[in-house]
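The values are calculated or read from the model by the stated rules, or taken from the named source; none is laboratory data. Small disclaimer: the values here were computed from a predicted structure and weren't measured. Note: ideal-geometry Cβ built from the backbone for every residue, glycine included; neighbour counts use all protein chains shown. Accessible surface areas use protein heavy atoms only, side chains included; no ligands, DNA or RNA. Shrake-Rupley method; radii C 1.70, N 1.55, O 1.52, S 1.80 Å.
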Amino acid sequence: HEVKFDLVAGRSVERVIRLQNNTTHPVAFKVKTTAPKRYFVRPSSGLIEAKTGVTVRLVMQAQKTSARPVGAEKDKFLIQASKVGAASVSEVLRGFESEEKAARAVFDSVERTSIQERKLACSFAAPPSSSMLAAAPPPPAAGGRGEASRGVASGMGGSREGGREGGREG
């Protein structure tokens, strides 16, 4: 399993993953990274009701160049999940200020052996370049004026995770 990031100089790159709870009970989750200065994860922890899912954003911070960052070949995300000992997420949330604090309490109270884990490796690729696809303006038609060529909009990439380039959303 992997998450693919396009390398775009000067812009953050976002990938989205979907965590699905296929069980009949709520679960708590956490998403960690080996490079917290390079990526941020939102939400990084929380609760998922039975038979539902949650979308998690993985954002690689803007890089100075479009070259792979030094050491990035070892970057990974770790997804952890654990069964919650309650009938519903609302029951778990009683007594906590936030889902994040409730999830932290769940992980603090469960045996390590009851935590399921999945690792996602990071891979990197140069984004599709519109400059390679753009052609010179067409020659003027006989007796007419030439038109300026329009840039070709690049796609979002073919990763399963989905993604978006650009700034952070709040």
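For segment 59-76, the criterion of being more than 30 Å from A9 (Cβ to Cβ) and basic (K, R) is met by none of the residues. Note on segment 92-103: residues that are modelled with pLDDT of 90 or more and loosely packed, with under 12 Cβ neighbours inside 10 Å amount to 2. V56 passes every criterion in (1) touching a residue at least 24 places away in the same chain (Cβ under 8 Å); (2) more than 18 Å from the chain's Cα centre (by Cα) apart from (2). Scanning segment 126-135 for residues that are outside any helix (DSSP H, G or I) and either open to solvent by 80 Å² or more (accessible area, probe 1.4 Å) or at pLDDT 90 or above (or both) turns up just one, A126. Take V106 and tell me if it is surrounded by 15 or more Cβ atoms within 10 Å (Cβ to Cβ), in contact with a helix residue (DSSP H, G or I) (Cβ under 6 Å, 6 or more places away or on another chain) and not in a strand (DSSP E or B). Taking the combined requirement at face value, the residue does not satisfy it. Selection of segment 1-35 for residues being under 11 Å from the mean Cα position of the chain (by Cα), closer than 12 Å to V56 by Cα and open to solvent by 60 Å² or more (accessible area, probe 1.4 Å) yields only R18. Here the condition is being touching a residue at least 60 places away in the same chain (Cβ under 8 Å) and not hydroxyl-bearing (S, T, Y); of A72, A103, A50, A62, it holds for A103 alone.
Only one residue in T52, T65 is at negative phi and in contact with a Leu (Cβ under 9 Å, 6 or more places away or on another chain), so which one is that?
Matching residue, one of T52, T65: T65.
This table checks each residue for (1) at pLDDT 65 or above; (2) within 30 Å of K37 (Cβ to Cβ).
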{"residue": "V84", "(1), (2)": "yes, no"}
{"residue": "E117", "(1), (2)": "yes, yes"}
{"residue": "E161", "(1), (2)": "no, yes"}
{"residue": "G170", "(1), (2)": "no, yes"}
